[in-house]
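What follows is a single structure, written as structure tokens, with notes after it.
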Amino acid sequence: MRSHRLKILMVIVALAAVAIVVPNTGSFVILLVTRALAFSILVMSLDILLGYTGLASLGQAAYLGVGAYATAILATKYHFGLGWDFWLVLLIGILLGAALAAFFGLLAIRASGVYFLMITLALGQCVWGLAYRWNSLTGGDNGINLRERPKFGGIDLANELTFFFLVFAVFCASLALMYTLVRSPFGRSLAGIRERELRMQILGYNTWLHKYIAFIIAGAFGGLSGVLWAHTAGIVSPENVVLTTSVDALLMAVLGGAGTLVGGVIGTFIVFGLREFLSTLVPWWQYVLGVVYVATILYLPTGLMGIPERLRQKRAKPDNPDGAKKLASLHHAEKTT
Amino acid sequence: MQWQFWIIQTLNSVAFGGLLFLLSSGFSLIFGLMRIPNLAHGAFFMLGAYFGYSLLARGGNFWLVALVAGLGVGLLGIALERFVLRQISGNEQGQVLVTLGVSFIIADICLLAWTGDPMPLPAPQALRRPLIIAGYAFPTYRLVVLVIALVAAVGLYFLMERTRIGAMIRAGVDDMEMARGVGIPVSRLFTLVFLLGSTLAGIGGVLGGPILNAYPGLDADMLPLALIVVILGGAGSLLGAFVGSFAVGFLYNFGIALAPDLAYFVLFLPMVLVLVFLPQGLFGRVQL
């Protein structure tokens with residue numbers, strides 16, 4: 001219990017550090033951090049599925065997409081959401097994400113494992129196809145440019161710093177909400193489903209409903225991150241819904257460590273940072289990222305957050321790592337059958 | 001004129017369906033046997049097209065080029081299976097993600113090697129002229145692609161149903177543990193199926209080149225179609241891949257021709273229906 005309190009304290013200290021340090025840096029860093037914060041809400045929402053429920057979704061960008069497109073379309077076509085009604089748009093984004101997830105969940109949740117992954121991928125690509133081809137609504141390949149950010153009361157979000165604090169606040173609220181969720185009895189039963197679904201069914205849990213609700217919650221947070229993303233990037237295009245974005249989110253979660261929420265945030269910051277840093281250095285920066293992804297899955301399956309645990313295990317029994325690996329895979333085989 | 005439109009679109013659809021079959025039959029077999037969708041399959045298809053482009057630019061014979069490029073991609077498939085997937089056997093989710101990571105790496109390398117411009121692959125000289133029957137013009141090359149796909153389908157059918165290797169693969173698809181138990185070298189079958197599947201995808205890429213061109217993003221365009229074929233037809237089933245490919249070929253082509261805004265979306269509906277009413281797909285052999 002004490003180590004748990006300690007972890008929360010560490011996260012709060014880290015967040016406070018971000019809130020203090022970032023405003024004192026240049027606008028480049030502020031913008032980068034804002035983008036990463038907005039995107040990491042999506043990554044955390046995916047982690048609820050991947051890390052806590054054991055469902056690897058490859059279509060999570062679709063929820064970011066509906067939120068972002070709704071924001072952009074409302075702002076450009078109806079001039080809605082650029083004043084106080086921005087908060088309404090935030091709500092609309094959440095509801096749309098949840099609604100889309102409620103629909104897709106009906107199709108995808110009945111499958112498990114890689115089949116779930118495949119169905120979510122195909123569903124996500126259908127959303128992409130719609131965004132890409134439905135020119136009159138989505139602007140097709142060019143996407144939609146948002147020319148202005150909301151302005152209400154004395155607050156003008158066009159100011160980078162003000163906007164950073166807004167995104168930061170929404171991020172902190174999301175983190176707290178999701179953390180409460182995964183620590184709740186509901187979250188515990190999700191973890192139970194991840195570990196051994198059959199046993200949970202025998203114990204009387206409606207596992208389908210649990211997974212379905214988790215899927216909808218993840219979609220809602222995805223929609224929320226989409227609204228923020230639209231105003232952060234200033235442009236919404238099919239790029240935001242394409243498979244690559246979903247995969248990015250998934251791999252950020254895996255890189256940081258699935259099932260930790262905070263790990264996903266760290267993964268997001270590393271990838272966003274690496275991308276900015278590498279693209280200024282070398283023209284072939286993308287390959288580095290591809291290799292990072294593959295290497296993470298091959299050599300760091302528990303992610304960065306899992307490193308302390310692995311080190312501890314290694315110290316505990318330094319002999320015969322092969323045996324341990326074999327045992328782990330046996331355990332895995334038992335779980336999947 | 002109206003008739004010409006329908007005939008041409010139908011022909012385009014079946015030709016596209018044939019290409020999809022070359023792509024998704026291997027995809028489905030790999031899925032059926034190894035229980036993982038090889039998400040690098042679209043990248044293999046694209047790589048085949050690019051290999052084909054470069055070899056053709058050096059003046060190779062079209063059919064020979066298709067074969068060589070296909071085998072080149074096939075070797076890459078073996079490498080992926082042997083050196084990467086095998087390292088994390090048992091961890092299916094990890095395997096899928098790795099194939100996706102590999103597909104990104106392939107896509108980036110293609111972008112570096114062949115730039116971002118679309119590369120047209122020339123069809124064989126003899127097949128460029130349209131075939132004229134009863135006053136209607138038919139695109140010869142597409143007809144030939146269709147015939148090749150049909151030949152491949154028959155060949156695969158015989159391989160799967162009439163040979164010892166095919167019987168072993170089917171046994172592995174239906175019950176892997178049992179297959180291992182009776183002494184079938186399942187691990188070698190994995191490699192073989194990967195070779196077969198990626199070679200077919202590579203050949204499909206070259207054959208598709210004159211119709212689709214080689215361009216960055218070809219992988220991401222083709223992969224979801226292969227997924228939908230397998231969701232419709234059912235994983236691990238050759239017949240399912242066959243029926244699914246032509247169904248998707250028709251829907252996609254007519255979708256583009258009649259409602260370009262919604263072309264992708266037209267595919268969505270049958271997929272949803274199948275998922276709701278026949279979650280295993282039309283001819284699925286693999287239990288979900």
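Every read-out reported here was derived from the displayed coordinates using simple, explicitly stated rules and does not represent laboratory data. A quick note: this is a predicted structure, and the numbers were derived from the prediction, not measured. Here the Cβ is made from the backbone with ideal geometry for all residues, glycine too, and neighbour counts use every protein chain on show.
Does residue B:227 count as in contact with a Pro (Cβ under 8 Å, 6 or more places away or on another chain), touching a residue at least 60 places away in the same chain (Cβ under 8 Å), within 12 Å of chain A (Cβ to nearest Cβ) and buried (at least 18 other Cβ atoms within 10 Å of the Cβ)? Criteria met by residue B:227. Residues of region A:11-56 that are within 21 Å of the chain's Cα centre (by Cα) and of a type in the set (S, T, N, Q): A:34, A:40, A:45, A:53.
Checking the condition assigned to a helix (DSSP H, G or I) and either farther than 23 Å from residue B:16 by Cβ or in contact (Cβ under 8 Å) with a residue 60 or more places away in the chain (or both), which residue from B:116, B:94 passes? Step through it out loud before you land on a result.
Values: B:116 fails: assigned to a helix (DSSP H, G or I).
Residue meeting the stated conditions: B:94.
Residues that are at the interface with chain B (Cβ under 7 Å from one of its Cβ atoms), in a helix (DSSP H, G or I) and among the hydrophobic types (A, V, I, L, M, F, W, C) within region A:105-148 comprise A:107, A:114, A:117, A:118, A:119, A:121, A:122, A:126, A:130, listed in sequence order.
Restricting B:208, B:249, B:240 to those that are in contact (Cβ under 8 Å) with a residue 40 or more places away in the chain, in contact with a Lys or Arg (Cβ under 9 Å, 6 or more places away or on another chain), away from chain A (no Cβ under 13 Å) and in a helix (DSSP H, G or I) reduces the list to B:240. Out of the residues in region A:75-104 that are crowded, with 22+ Cβ neighbours inside 10 Å and within 14 Å of chain B (Cβ to nearest Cβ), which is farthest from residue A:42 (Cα to Cα)? The selected residue is A:104. Check residue A:134 against each of (1) among the aromatic types (Phe, Trp, Tyr); (2) closer than 16 Å to residue A:61 by Cα; (3) without any contact (Cβ under 8 Å) to a residue 40 or more places away in the chain; (4) in contact with a helix residue (DSSP H, G or I) (Cβ under 7 Å, 6 or more places away or on another chain) and name the one condition it does not meet. Of (1) among the aromatic types (Phe, Trp, Tyr); (2) closer than 16 Å to residue A:61 by Cα; (3) without any contact (Cβ under 8 Å) to a residue 40 or more places away in the chain; (4) in contact with a helix residue (DSSP H, G or I) (Cβ under 7 Å, 6 or more places away or on another chain), only one is false for residue A:134: (2).
With the condition being in contact with a helix residue (DSSP H, G or I) (Cβ under 8 Å, 6 or more places away or on another chain), without any contact (Cβ under 8 Å) to a residue 12 or more places away in the chain and farther than 28 Å from residue A:187 by Cβ, I'd like the helices (runs of 4 or more DSSP H) fully within region A:1-93 carrying at least 1 qualifying residues.
Output list reads A:27-47.
For residue B:16, the requirement of being crowded, with 24+ Cβ neighbours inside 10 Å and outside any loop (DSSP other than H, G, I, E, B) is met. Screening the candidates B:89, B:103 for the property of being within 14 Å of chain A (Cβ to nearest Cβ), over 21 Å from the mean Cα position of the chain (by Cα) and closer than 30 Å to residue A:298 by Cα yields one hit, B:89.
Mind telling me which of the residues B:240, B:183 ends up being of a type outside the set (Lys, Arg) and either crowded, with 20+ Cβ neighbours inside 10 Å or under 16 Å from the mean Cα position of the chain (by Cα) (or both)? Walk me through it before giving the result.
Working: B:183 fails: either crowded, with 20+ Cβ neighbours inside 10 Å or under 16 Å from the mean Cα position of the chain (by Cα) (or both).
After ruling out the rest, the residue left standing is B:240.
The residue that is nearest to residue A:97 (Cα to Cα), among those in region A:177-215 that are surrounded by fewer than 12 Cβ atoms within 10 Å (Cβ to Cβ) and of a type in the set (Ser, Thr, Tyr), is A:180.
I'd like the full set of residues that are of a type in the set (A, V, I, L, M, F, W, C) and within 14 Å of another protein chain (Cβ to nearest Cβ), limited to region A:42-71. Correct list: A:46, A:49, A:50, A:55, A:56, A:58, A:61, A:62.
Scanning region B:42-60 for residues that are within 27 Å of residue B:28 (Cβ to Cβ) and free of Cβ contacts under 8 Å to residues at least 12 places away in the same chain turns up nothing. Every condition in (1) within 30 Å of residue A:245 (Cα to Cα); (2) free of Cβ contacts under 8 Å to residues at least 24 places away in the same chain is met by residue B:128 except one, and the failing one is (1).
This table checks each residue for (1) within 11 Å of residue B:198 (Cα to Cα); (2) touching a residue at least 40 places away in the same chain (Cβ under 8 Å).
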site	(1), (2)
B:6	no, no
B:18	no, yes
B:22	yes, yes
B:26	yes, yes
B:34	no, yes
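Scanning region B:252-267 for residues that are aliphatic (A, V, I, L, M) and free of Cβ contacts under 8 Å to residues at least 40 places away in the same chain yields B:256, B:258, B:259, B:262, B:263, B:266. Screening residue A:169 with (1) within 21 Å of the chain's Cα centre (by Cα); (2) more than 22 Å from residue A:32 (Cβ to Cβ) gives one miss only, at (2).
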